[in-house]
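The values are calculated or read from the model by the stated rules, or taken from the named source; none is laboratory data. Just so we're clear, the structure is a prediction, and the values are computed from it rather than from any experiment. Backbone-built Cβ (ideal geometry, glycine too); neighbour counts: all protein chains shown.
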Amino acid sequence: MWAGTKHPALITAGVLICLVLGSVFAYRVRAKEPVVNSASVSKPLAAVALVKRGTVSNSFSVAGEFVPYQEVELHAKVAGYIKKISVDIGDQVKAGQVLAVLEVPELNAQVVGADAGVQHSRQEILRLRSEVVRANANHASVHAASERLQQVFKTQPGLIAQQELDDAIARDQSAEAQVEAAKSALAAAEEGLAGSQATQTQVKAMQEYSRIVAPFNGVVTWRYADTGSLIQAGTSNNNSLPVVKVAQVNILRLRLPVPESVSSHVRVGTDADIRVQATGEQIKGKVARLTDSFDRQTRTMQVEVDVPNPARKLSPGMYADVSLLLDNRQGAITVPVQALKHENDKTTVFLVNQENRVELREVRVGLEQPDRVEVLAGLNAGDKVIVGNFSAYRPGQLVTPKVSTFEAGSAQ
């Protein structure tokens, strides 16, 4: 009986001893472990870029074609045969230079007739002036005789018959009428001379049209006729053949088809960077003019850039790649493209604050370039933003910022 009651007590005592020994062992183990400090935990590195001010621009690239600044097909205003043509394709010409001469026999005869008409009118005027002088002299003589008879008739009545006096007065009046008639004939002859001279001027002007002259300095780009060719008057036949084509190429127009989507940003004076495909030349230019209307089929607006070509290295028909500077902003706040996150119609960045903790910041962007983007709101110059690997970070996380190799390279 005693032995059965003593056995449970021993078991209880053994359990207590084991518990005490385990506690002591655990205490000793904890005492040997180092104390863990939260500040000593390793913070992950975060590649960051600095938010900084810079120049951002928006450009549009388009292919354009060079065309002559001026180009015209020269027609003859009168019909005739080519008597002489002194230029060929590629020849440089000056304004006013005679390029071709037409043979027009009928016109030459008209000029001779007009000259003769003017000469006849002048001779007629000389004759009529003599008639006026003669009529004046005759009238003066008859008028003096009439005045003397009237004086005698008044002082010595009955000495002169009334009939004789009446005849003298009639002769005086007739002589005066002859003077007026001579003067009228002279005036008509002078008007006839003016008409003859007008006809002469017109015919000679038409004769001048038998000479084809260059309207401006340029180059002959095509020749349509040879010596002896019959040329129809350009004013009377819409299908008349031109003589030559002349183009002004010391300055060229570079025509660009600008689409409707960017046309509102193109203005006279917009900068244009030009690269000529055929020659490899790089040229700086500006928009000189634009049509302000769109082609209904292509929905593009024609824009022109004037390109000087004094050495004639460029030729009409060449193509060029043109970059139009649509917008340019200096001192804008910019970040690398890699710093932006686009989701749910929002644009955000991971900002590393002064405590090196990550913040999710929503931003509003403006102009975009291949490498950097303008930030209109949400960031300040000098802020640090994380670039890339966004899935490794979360708001509130403590990180060690390090300037990314991308940002360091761009700063050099």
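A few points about this structure:
- For segment 328-357, filtered to residues that are under 14 Å from L376 (Cα atoms) and β-branched (V, I, T), the residue that is surrounded by the most Cβ atoms within 10 Å (Cβ to Cβ) is T334.
- If the condition is being buried (at least 16 other Cβ atoms within 10 Å of the Cβ) and among the aliphatic types (A, V, I, L, M), then segment 186-205 contributes L186, A189, L193, V203.
Table: residues versus (1) hydroxyl-bearing (S, T, Y); (2) more than 22 Å from S315 (Cβ to Cβ); (3) surrounded by fewer than 18 Cβ atoms within 10 Å (Cβ to Cβ).
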| site | (1), (2), (3) |
| --- | --- |
| V56 | no, yes, no |
| E65 | no, no, yes |
| E73 | no, no, yes |
| S86 | yes, yes, yes |
| E103 | no, yes, yes |
| L107 | no, yes, no |
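- L376 satisfies every condition listed in (1) surrounded by 18 or more Cβ atoms within 10 Å (Cβ to Cβ); (2) of a type in the set (A, V, I, L, M); (3) over 23 Å from P44 (Cα atoms) except (1).
- Listed conditions (1) outside the structural domain of R134 (by TED's automatic domain parsing); (2) without any contact (Cβ under 8 Å) to a residue 12 or more places away in the chain; (3) of a type in the set (G, A, S) are all met by S229, apart from (2).
- Among the conditions (1) in the same structural domain as R394 (by TED's automatic domain parsing); (2) over 14 Å from V51 (Cα atoms), L340 misses just one, which is (2).
- Selection status of V219, of a type in the set (A, V, I, L, M, F, W, C), surrounded by 16 or more Cβ atoms within 10 Å (Cβ to Cβ) and under 30 Å from K94 (Cβ atoms): yes
- Hits in segment 241-260 - residues which are modelled with pLDDT under 90 and surrounded by 15 or more Cβ atoms within 10 Å (Cβ to Cβ): L241
- Of the criteria (1) at pLDDT 50 or above; (2) surrounded by fewer than 16 Cβ atoms within 10 Å (Cβ to Cβ); (3) part of a loop (DSSP other than H, G, I, E, B), which one V35 fails: (1)
- Subset of segment 160-172 (residues that are in a helix (DSSP H, G or I), modelled with pLDDT under 90 and loosely packed, with under 15 Cβ neighbours inside 10 Å): Q162, Q163, E164, D166, D167
Here is a yes/no grid of residues against (1) in a loop (DSSP other than H, G, I, E, B); (2) exposed (fewer than 15 other Cβ atoms within 10 Å of the Cβ); (3) in contact (Cβ under 8 Å) with a residue 24 or more places away in the chain:
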site	(1), (2), (3)
G117	no, no, yes
H120	no, yes, yes
L128	no, no, yes
R134	no, yes, yes
A137	no, yes, no
A144	no, yes, no
F153	no, no, no
G158	yes, yes, no
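- Qualifying residue in segment 363-386 (condition: small (G, A, S), touching a helix residue (DSSP H, G or I) at 6+ places or on another chain (Cβ under 6 Å) and touching a residue at least 40 places away in the same chain (Cβ under 8 Å)): no
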